[in-house]
1. Grab the other residues whose beta carbon is less than 12 angstrom from that of residue 271, score K and R as +1, D and E as -1, and report the net.
2. What is the percent carbon and sulfur in the accessible area of region 178-271, measuring with a 1.4 Å probe over the protein chains and ignoring ligands?
3. When a/c is below 1.5 the answer is rounded, else prolate if a/b is larger than b/c, else oblate, so apply that to region 208-330 with a ≥ b ≥ c taken from the square roots of the Cα gyration tensor eigenvalues.
4. What distance in nm lies between label points placed 7 Å from Cα along the C-beta direction at residue 325 and residue 249?
5. Modelled label-to-label distance, residue 258 and residue 88, 7 Å Cα→beta-carbon offset: nm?
6. Rounded, prolate or oblate: which one fits the chain, using the alpha carbon gyration tensor with axes a ≥ b ≥ c (rounded when a/c is under 1.5, else prolate when a/b beats b/c, else oblate)?
7. Considering Cα pairs under 8 angstrom that are at least six residues apart, work out the relative contact order of region 1-130 and quote it in whole percent.
8. Please work out the FRET efficiency for the pair residue 104 and residue 80, using the Cβ-Cβ distance as r and a Förster radius of 41 Å; give the result to the nearest 0.05.
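The values are calculated or read from the model by the stated rules, or taken from the named source; none is laboratory data. Computed from a predicted model, the values in this text were never measured in an experiment. Cβ: placed from backbone, ideal geometry, glycine included. Neighbour counts: every protein chain shown. Surface accessibility is based on the protein's heavy atoms, side chains included, excluding ligands, DNA and RNA. Shrake-Rupley method; radii C 1.70, N 1.55, O 1.52, S 1.80 Å.
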Amino acid sequence: MMDPTTDNAENPASSGSARSSLESLRTEISKAVVGQDPAVTGLVVALLCRGHVLLEGVPGVAKTLLVRALAASLELDTKRVQFTPDLMPSDVTGSLIYDARTTEFSFQPGPVFTNLLLADEINRTPPKTQSSLLEAMEERQVTVDGTPRPLPEPFLVAATQNPVEYEGTYPLPEAQLDRFLLKLTVPLPSRQDEINVLTRHAEGFNPRDLHAAGIRPVAGRADLEAARAAVAKTSVSPEITAYVVDICRATRDSPSLTLGASPRGATALLSTARAWAWLTGRDYVIPDDVKALALPTLRHRVQLRPEAEMEGVTADSVINAILAHVQVPR
């Protein structure tokens, strides 16, 4: 991610206050999670863009703790669902329950009716249950027995998956992957970060008790609304728009890919670049904003050719090569 640069051209107090509150999320989350600043930034960008996040990393790198710490730092409702092979769609969305006293059916909301839904190990549940989230993620509503029921606002799905353990998993189809605004990789910590983690645990840190760790709500709905309004006013020049389009079109022509980024991917990249520009203190987008968000926005929207994958090519390496070759506007 880029470093904050330049002064902000907009001066509304609500916008500046919202930016300050959202920046302080990083400080609060760092009380529980060490060395995952890019993932924290990605979650904040997703909140600003009304998007959803897929967190990918091996077990034990604090994916779940990261989302729990984010929820504890926000004045928002949150729920967690552990996805398993026997999980049913109604376990996520809710169902109609017969009330013997009134002899009527009443709707019992599922855990999806929240502001921040942690979908833990989403690839461990069958496609039918995975698809129960599609309407919620795209339409922000759940239809039960023909009746659409709107979800709370804001609404964000933060899903985790393990990239190395495939036994008993159901890979997410492209249609569902495309519903995620960002795919964030949560890497193993550096040596010093791992020392810091162990030191905290030796001093009594309990990851199950975030309140004892000192995490407090530092932002809420009003901050998000003000921030989203400011992001919507972030200007985009025609040259930047063309730059985003050229990057996405280049993925469709890459010999290493069977599937490139769709126009939805281009729209997502433009949205995330605008959010990052505002977070860094500007009311306009520059090419570096697009470059900073290209990997997390596009890596899950492209598909490698089998022969390229066998040669060790990755989606990230293809996108980086494209960024190096597409002409940057001046």
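1. Details: positive: 50, 228, 264, 274; negative: 289.
For residues surrounding residue 271, the net value is +3.
2. Details: 2750 of 5090 Å².
Carbon plus sulfur share of accessible area: 54 percent.
3. Working: a/c = 2.79, a/b = 1.44, b/c = 1.94.
Oblate shape, in that a/c is at least 1.5 and b/c is the bigger or equal ratio.
4. Going by the 7 Å Cα→Cβ label model, 1.5 nm.
5. 3.6 nm
6. Values: a/c = 1.35, a/b = 1.21, b/c = 1.11.
Judged from the Cα gyration tensor, the chain comes out rounded (a/c under 1.5).
7. Values: 124 pairs, mean separation 27.9, N = 130.
Here the relative contact order equals 21 percent.
8. Details: r = 31 Å, r/R0 = 0.75.
Efficiency for this residue pair is about 0.85.
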